[in-house]
Amino acid sequence: MNDTNQIIISARDVHKWYGNFHALKGINMEVNKGEVIVIFGPSGSGKSTFIRTINRLEEHQRGEILVDGIELSHDVRNIEAVRTETGMVFQQFNLFPHLTVMQNITLAPIQVRNWSKKQAEETAMQLLGRVGIPDQAHKFPGQLSGGQQQRVAIARALAMQPKIMLFDEPTSALDPEMIKEVLDVMVELAQSGMTMLVVTHEMGFARAVADRMFFFDQGQIVEGGKPDDVFNNPKEDRTKLFLSQILSH
Amino acid sequence: MQNPQTVLPPITERSGILRWLRHNLFNTWSDAILTVIAASLIYWLTKNLLTWAVTTAEWDVVVANLRLFMIGQFPLEQAGRLWVALAFLVFLTGNSLAIWDRKSYIAAFLILGLPVFLIFLPFAPQTRIWLGVMAAAGILGWGLGYTAPQSVKRSVAIGWLIALPVFILLTRGFTPAVADVPNTPITIVPTNLWGGLLLTFLLTVVANIFSFPLGLLLALGRRSELPIIRWFSVGYIELVRGVPLITILFMAQLMLPLFLPNGQDIDRVLRAMVGMTLFSAAYLAENVRGGLQAIPKGQFEAAHALGLSSAKTMYFIILPQALRLIIPILVGQFISMFKDTALVAIVGLFDLLGIARTVLSQPEFIGLHREVYAFVSLFYWGLSYVMSYISQRLETSLGLGTR
Ligand SMILES: Nc1ncnc2c1ncn2[C@@H]1O[C@H](COP(=O)(O)OP(=O)(O)OP(=O)(O)O)[C@@H](O)[C@H]1O
Ligand SMILES: [Mg+2]
């Protein structure tokens, strides 16, 4: 964890409704620069919803979210500024199927950051090397394995040089033998000092690199703390039950 | 793993005419009965049709009026311009075929072989010379594209971009006719003399090209967050789609002048083009909307998450995928627009069908409805078929449906 404890994400009393359904019921969270946060909890507990309010893929209706000092409001400029500073990796990869791997990675730097094509491509090649697939640059996403696609998605998000990376169950759609190659990339990223919010049930990953972890249930944070504390003596019964379920297999 | 191609089908599936017949036509008793009924029906129809076509039918009416069918009353002295315009298109087509579809020998043969074949028909000498020019243009274009596909790619694209303006400019001419300077090769030919296939072609192409951006805007407008734009788009689309094309054509002829400053008159052909464009745009908008809806939400989210604005997301991510998806539908719309242009005959223009009616009103050809309409139908069918063939090639070469 960073010693200066500079707060980069702060969510205060965040509420979200889908119609009458109360999906987030007052979430409070502060994330320091360089922290790795793991969010876990049962299906439907609001993990995705929360992580997506941080880059405004979902709009919150009450409370306040500040990302790198920018408040997420209806102001489109604020929203775009926050999105430029945050990268996101999805469960379903969401690569652009009509563009090559290279184009997938360079599009946003060129269009949003106004980089030259040459600069963007050099960065892309570096990133592809970093995620371990330097030789796939000119293929289309459909020609890659799931694990490779997800690593391209990570490279694509990193190409914008974000300050924060959001991961929404990045390994859930992968075959077991591909999970490790993606997790390795994420571990390396965490060790490099990136601020990360990761929704995942990969508890090995959480133990290895998480600074804090939060247990979500029914739209609320039930408990949070250092991985050691959460794993070894969870305070709440719901947390205990859930952990025993996912650690049993 | 074994290569699937090396596995032979079971013996019973292998070819052989008798086996094929047995398998496909006479598999069961009911199949056999249906086959016999259908075969006799086909025989009876073709026999009557062929008997009529080769014995009673007087095809002179077609031969004598071929020029009318092709270009209407377009003055003969200026017809060379149309040949030049056509040669340009043939050149570009040959070129594009060689660059983008090198394997398509059938299409290449059509482009090159058709003019050569036509030369041997008993046309006037001048027509034959021009047909020779067409073949030469096609061969030249094909050869250029074949030998240097990479270096000419760009100029071919530019060529297609300027093809319509060039075609229209050549058709129309540059200088007004003055009393003492009669027809020069660049004298303006007023649109009321444009006719036949020429007019049908121009109506189709203009309506389709201009309805494309309009339809795109309407489709995007329909999803706009601004209520006024959304309402306008929905209103326009639903209104136009609820009205037959023919009424729009009448309105374009009768009501367009109401919206123009006093005394200003726009040309009747232009009015028809406007009418068809406005009509086609509404349908195009709906087709595009279908394509947009087929794009998964994740694509929008991924683009937005990267910080791309809504406009850039549309332009770089959504539209390229959506349009690619609906290419077959767009081609279908193009073809049906081509056939729908025949309706302008009813509002008094001389397109292919309009010319057919003029021809039939000539005293010496009275009563030859069968021949004329058979010819015109065959022509529409032939061209539609060629277009749909080309679109199928396009779809396979773009790999549609294979991903
Ligand atoms: N667009 C939506 N419209 C209505 N309800 C929604 C929508 N998106 C999510 N929900 C509901 O909100 C709740 C929280 O959903 P969310 O996707 O955040 O859960 P999650 O914790 O990510 O679950 P999972 O582990 O299954 O991904 C769920 O009950 C879900 O049904
Ligand atoms: Mg989720």
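The values are calculated or read from the model by the stated rules, or taken from the named source; none is laboratory data. Keep in mind that this is a model prediction, so the values were computed, not measured. Using ideal geometry, Cβ is built from the backbone for each residue, glycine included, and neighbour counts are taken over all protein chains shown. All accessible areas refer to the heavy atoms of the entire protein, side chains included, with ligands and DNA or RNA removed. Shrake-Rupley method; radii C 1.70, N 1.55, O 1.52, S 1.80 Å.
Here are the numbers:
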item	result
Backbone HN-Hα couplings from phi across region B:307-321 [Karplus 6.51/-1.76/1.60, Hz, Gly and Pro as x]	x, 5, 5, 4, 5, 5, 4, 4, 5, 8, 10, 7, 4, x, 6
Region A:78-140-region B:326-372 distance, computed between alpha-carbon centres (Å)	52
222 nm mean residue ellipticity, helices alone, for chain B (DSSP H n ≥ 4; -39,500 (n - 2.57); rounded to 500)	-22500 deg cm²/dmol
Inter-probe distance in nm under a simple model that places probes 7 Å from Cα toward Cβ, at A:GLN61 and B:ASP60	8.3
Relative contact order [Cα under 8 Å, 6+ residues apart], chain B, whole percent	17
Region B:251-403 shape via C-alpha gyration tensor axes, a/c threshold 1.5	oblate
Cα-projected label distance for A:ILE246 with B:ILE229, points at 7 Å along beta-carbon direction, nm	4.2
Calculated Rg and Dmax of region B:75-188 using C-alpha coordinates, Å	16.0, 54
Shape call, the protein assembly as shown: gyration tensor on alpha carbons, a/c limit 1.5	prolate
Paramagnetic reach from B:LEU394 in region B:141-165 [backbone N under 20 Å; point 7 Å along Cα→Cβ]	B:142, B:153-165
Per-residue HN-Hα couplings for region B:330-346 [Karplus 6.51, -1.76, 1.60; θ = phi - 60°; Hz; x = Gly/Pro]	5, 5, x, 5, 4, 5, 6, 4, 4, 6, 5, 4, 4, 5, 5, 4, 6
Percentage relative contact order, chain A, counting C-alpha pairs under 8 Å, at least six apart	26
Region A:135-220 - percent relative contact order, Cα under 8 Å, separation 6 or more	31
Restricting region B:72-139 to trypsin sites (Lys or Arg not before Pro) in coil, as DSSP defines it, with at most 12 other Cβ within 10 Å	B:LYS103
Sites B:LEU118 and B:VAL166, calculated FRET efficiency, Cβ-Cβ separation with R0 22 Å, nearest 0.05	0.40
Subset of A:LYS163/A:LYS235; A:LYS139/A:LYS226; A:LYS16/B:LYS312; A:LYS25/B:LYS297; A:LYS16/B:LYS297 violating a 30 Å alpha-carbon distance limit	A:LYS163/A:LYS235; A:LYS139/A:LYS226
Exposure ranking of B:MET70, B:MET337, B:MET255 by accessible area [1.4 Å probe, largest first]	B:MET255, B:MET70, B:MET337
Region B:47-104: chymotrypsin sites (Phe, Trp or Tyr not before Pro) in DSSP loop, at most 16 other beta carbons within 10 Å	B:TRP59
Length released on extending from B:TRP44 to B:LEU270, taking residue separation times 0.36 nm less the Cα-Cα span	76.8 nm
Nearest-10 value in Å² for the accessible area of B:LYS339, using the 1.4 Å probe	100
Amide H contacts of A:ASP217 (H built 1.01 Å from N, under 5 Å, at least 5 apart or other chain)	A:VAL222
Sum of side-chain charges, A:ARG12 neighbourhood, beta-carbon under 12 Å (Lys, Arg +1; Asp, Glu -1)	-3
Calculated FRET value between B:PHE109 and B:LEU25, using beta carbons and R₀ = 35 Å, to 0.05	0.65
Built amide H within the under 5 Å cut-off of A:GLY34, gap 5+	A:THR195
Cut-off under 5 Å, modelled amide H: who pairs with A:PHE167 long-range	A:VAL89, A:LEU197, A:VAL198, A:VAL199
